[in-house]
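Engineer: Just passing along the structure, written as structure tokens.
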Amino acid sequence: MDHLPAPQLARELTLRSVVLFGLAYMTPMIVLGTFGVVAADTGGAVPMAYLLALLAMLFTAHSYGKMAAAHPVAGSAYTYVRRAIDSRVGFLVGWATLLDYFFLPMVIWLIGGAYLQAQFPGVPLWVWIIGFIGVTTGLNLRGIKTAERANDLLMIFQLLVIGIFVLLSLRHVFHLGGAGALASTAPFANNATTLAGISAGAALAAYSFLGFDAVTTLTEETVDPKRTMPRAIMLTALIGGAVFVAVAYATQLVHPGSDFDDPSSAAFEIAKTIGGDVFSSVFLAGLVVAQFASGIAAQASASRLLYAMGRDSVLPRRVFGYLHPRYRTPALNILLTGVVGLIAVRMDVATSTSFINFGAFTAFTFVNVSVIATYLKRRRAGERPHPLGYVVAPAIGAAVDVWLLVHLDGKALTLGAIWLALGIGYLAYLTKGFRAAPPEMAFTEEEPVAKAG
């Protein structure tokens, strides 16, 4: 009896779809959620912090684009480092990246639940968290197209709320100071601005860009990935950065300086100032929707990374390399991320977010290094790739990422070091004391047949 062919991820996503997934992962409204904290660091120059962070992140986005074109398969940084540098280093980068991808959905659902509990204190937090997890997991299990359609609707609403916020902000500023008040350099530099403050603000703002890299986990579900993926990565970073800068500028015009009753809820103060109680309620709905959309994208990306590592048998293949025969989704991985999300019931936002940043900036650094390693390999093969795109740009990106990594708070560095030590121990077990290479599945980079219908 002939065996049926194993199910494959279906190529159904276009450039537009991938960019929207990336933007949902980044959560454009996060600029408002962190506005007060960044304003305090920068002395009221939030848009300058985001502008500098955008310029810094574009170097790393360029490197992700290079590697996605060279290796159009799922796995993101794990796959790129494994193929460009060394399988053992790739494993450890993938292990570190799990801190970002695997636990980020949990953080997103926790933040969304916290927003709702603040508005409806009579409802326990765990009810909101389970609700987020249940709906998001169900959408992702049904397939990438179902998740895409839901994501499109949520992104439209989120961008609509952002657009209304900016228009109300500009109207407020116009009524107070006339047309001249709409064009000001104070949000970029003022008497309270210092280089140290802007640098600290840019480091915090850089966290908002985590997500432009996540689209690479959808490579095997993207049409013409060698062409689409590099464009999607750069567009996600550029569009997200432009939204961050524009929204921060309008918001900073409404509230110059950095004095707030509570920096963590500064955006709510400003929403009430520019639109009253009605718009502040709409604004809350926008924040919740933003977290829901981000949760869909984050869970989809985490499940694809686990699938790539399971398919390589680095993680148990029977579980992590499984695809649902009908929906062609990594169903067990999606369910696993949902179960892990339940940890949010027993955690707070500050503790949970400390898991993420170590893995993200470790991955960013090594993807930049992978581009340089690819340059050296191609040179040895007799090719002449341009050093500007293969050496200079990734070297700048790596330097920026290392700087961000070492400036994480002590808790993040400690947790990251412990996680990395566990990964080294597991790698030693897999490789019989580092004497053998980690297991790897020899799959091709040919495009699977697109799903019919």
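The values are calculated or read from the model by the stated rules, or taken from the named source; none is laboratory data. Just so you know, these numbers come straight off a predicted model, no measurement behind them. Methodologically, a virtual Cβ is constructed for each residue, glycine included, from the backbone with ideal geometry; neighbour enumeration extends over all protein chains shown. For accessibility, only protein heavy atoms count, side chains too; no ligands or nucleic acids. Shrake-Rupley method; radii C 1.70, N 1.55, O 1.52, S 1.80 Å.
Engineer: Tell me, rounded to the nearest percent, the portion of alpha carbon pairs in region 157-241 spaced more than 22 Å apart.
Structural biologist: Looking at region 157-241, the distances longer than 22 Å represent 55 percent of pairs.
Engineer: Could you give the radius of gyration (one decimal) and Dmax (whole number) of the Cα atoms in region 379-439, in Å?
Structural biologist: 17.5, 46
Engineer: Sticking with this one: To test your reading of the geometry: what angle, between 0 and 90 degrees and rounded to tens, separates the Cα axis of helix 87-119 from the longest principal axis of the chain?
Structural biologist: Its long axis makes an angle of about 40 degrees.
Engineer: Can you tell me the dipole magnitude for region 1-134 around its Cα centre, using point charges on the Cβ only (Lys, Arg +1; Asp, Glu -1), in Debye to the nearest 20?
Structural biologist: It comes to approximately 260 debye.
Engineer: Using a 1.4 angstrom probe on the protein heavy atoms only, could you order Arg328, Arg311, Arg231, Arg16 from most to least accessible area?
Structural biologist: Descending accessible area places them as Arg16, Arg231, Arg328, Arg311.
Engineer: Counting only helical runs of four or more DSSP H residues, what would the 222 nm mean residue ellipticity of the chain come to if each run contributes -39,500 (n - 2.57) and the total is spread over all its residues?
Structural biologist: So the calculated ellipticity at 222 nm is -23000 deg cm²/dmol.
Engineer: Let me ask something else. Take Leu413, Leu160 and sort them by solvent-accessible surface of the protein heavy atoms, 1.4 Å probe, largest at the top.
Structural biologist: Output order, biggest surface exposure first: Leu160, Leu413.
Engineer: Which whole-number value in Å³ per residue fits the convex hull of the alpha carbons of region 207-366?
Structural biologist: 173
Engineer: Would you kindly find the accessible area of Lys272, with a 1.4 Å probe and non-protein molecules such as ligands, DNA and RNA excluded, rounding to the nearest 10 Å²?
Structural biologist: Taking all protein chains as shown, Lys272 has close to 110 Å².
Engineer: For region 284-412, what is the accessible area per residue in Å² when the probe is 1.4 Å?
Structural biologist: Per residue, region 284-412 has an accessible area of 40 Å².
Engineer: Continuing with this model, one more query. Using the Cα centre of the chain as the reference point, and only Cβ charges (+1 on K/R, -1 on D/E), how large is the resulting charge dipole? Debye, rounded to the nearest 20.
Structural biologist: Computed about the Cα centre, the dipole is about 1400 debye.
Engineer: A follow-up question, please. Given the peptides 207-216, 173-182, 32-41, arrange them by the average over their residues of other C-beta atoms within 10 Å, most packed first.
Structural biologist: Packing proxy ranking, top to bottom: 207-216, 32-41, 173-182.
Engineer: To continue, here is another question. Calculate, for region 192-264, the solvent-accessible area per residue in square angstrom, rolling a 1.4 angstrom probe over the heavy atoms of the protein chains.
Structural biologist: Accessible area per residue: 34 Å².
Engineer: Specify the longest stretch of the chain that does not include any exposed loop site, a site being one of the GluC sites (Glu not before Pro) with a non-H, G, I, E, B DSSP assignment and at most 14 other Cβ atoms within 10 Å.
Structural biologist: It runs 1-382.
Engineer: For region 277-340, what is the charge dipole size about the Cα centre, in debye to the nearest 20, if Lys and Arg each add +1 at the Cβ and Asp and Glu each add -1 at the Cβ?
Structural biologist: Charge dipole of region 277-340: 480 debye, to the nearest 20.
Engineer: Put +1 on the Cβ of every Lys and Arg and -1 on every Asp and Glu Cβ in the chain; which of Ala40, Leu170, Val391 then has its Cα farthest towards the positive end of the dipole?
Structural biologist: Val391
Engineer: Any number yet on Rg/Rh for region 137-188, C-alpha, Kirkwood?
Structural biologist: Across region 137-188, the Cα-based Rg/Rh ratio is 1.34.
Engineer: What does the convex hull of the Cα atoms of region 367-407 come to per residue, in Å³, rounded to a whole number?
Structural biologist: Measuring per residue, one finds 43 Å³ for the Cα hull of region 367-407.
Engineer: Rounded, prolate or oblate: which fits region 32-187 when a ≥ b ≥ c are the square roots of the eigenvalues of the alpha-carbon gyration tensor, with rounded for a/c under 1.5 and prolate only if a/b beats b/c?
Structural biologist: In terms of gyration-tensor shape, oblate.
Engineer: Counting only protein heavy atoms, what percent of the accessible surface of the chain is carbon or sulfur at a 1.4 Å probe?
Structural biologist: Looking at the chain in its full context, I get 67 percent from C and S.
Engineer: Which of the listed residues, Gly65, Ala437, Leu336, is farthest toward the dipole's positive end in the chain, when Lys, Arg count +1 and Asp, Glu count -1 at the beta-carbon?
Structural biologist: Result: Ala437, furthest along the dipole toward the positive end.
Engineer: Using only Cα atoms, find the angle between the long axis of helix 195-206 and the longest principal axis of the chain, and express it within 0 to 90 degrees, rounded to the nearest 10.
Structural biologist: Around 50 degrees separate the two axes.
Engineer: Taking +1 at the Cβ of each Lys and Arg and -1 at the Cβ of each Asp and Glu, which of Thr374, Val282, Ser301 sits farthest along the dipole of region 268-394 towards its positive end, judged by Cα position relative to the Cα centre?
Structural biologist: Farthest towards the positive pole: Thr374.
Engineer: Also: Once you list every other residue whose beta carbon is under 14 Å from the beta carbon of Ala393, what net charge do they have if Lys and Arg are +1 and Asp and Glu are -1?
Structural biologist: 0
Engineer: Bin all alpha-carbon pair distances of the chain at 20 Å intervals from 0 and give each bin's fraction as a whole percent.
Structural biologist: Result returned by the calculation: 25, 57, 16, 1.
Engineer: Quick check: pseudo-label points 7 Å beyond the Cα along Cα→Cβ at Arg227 and Ala192, how many nm apart are they?
Structural biologist: Distance between label points: 5.0 nm.
Engineer: What is the helix-to-structure angle for 225-254, meaning the angle in degrees between its Cα long axis and the longest Cα principal axis of the chain, kept from 0 to 90 and rounded to the nearest 10?
Structural biologist: 20
Engineer: Another question, then. Can you pull the accessible area of Ser258 for me, 1.4 Å probe, Å² to the nearest 10?
Structural biologist: About 40 Å², rounded to the nearest 10.
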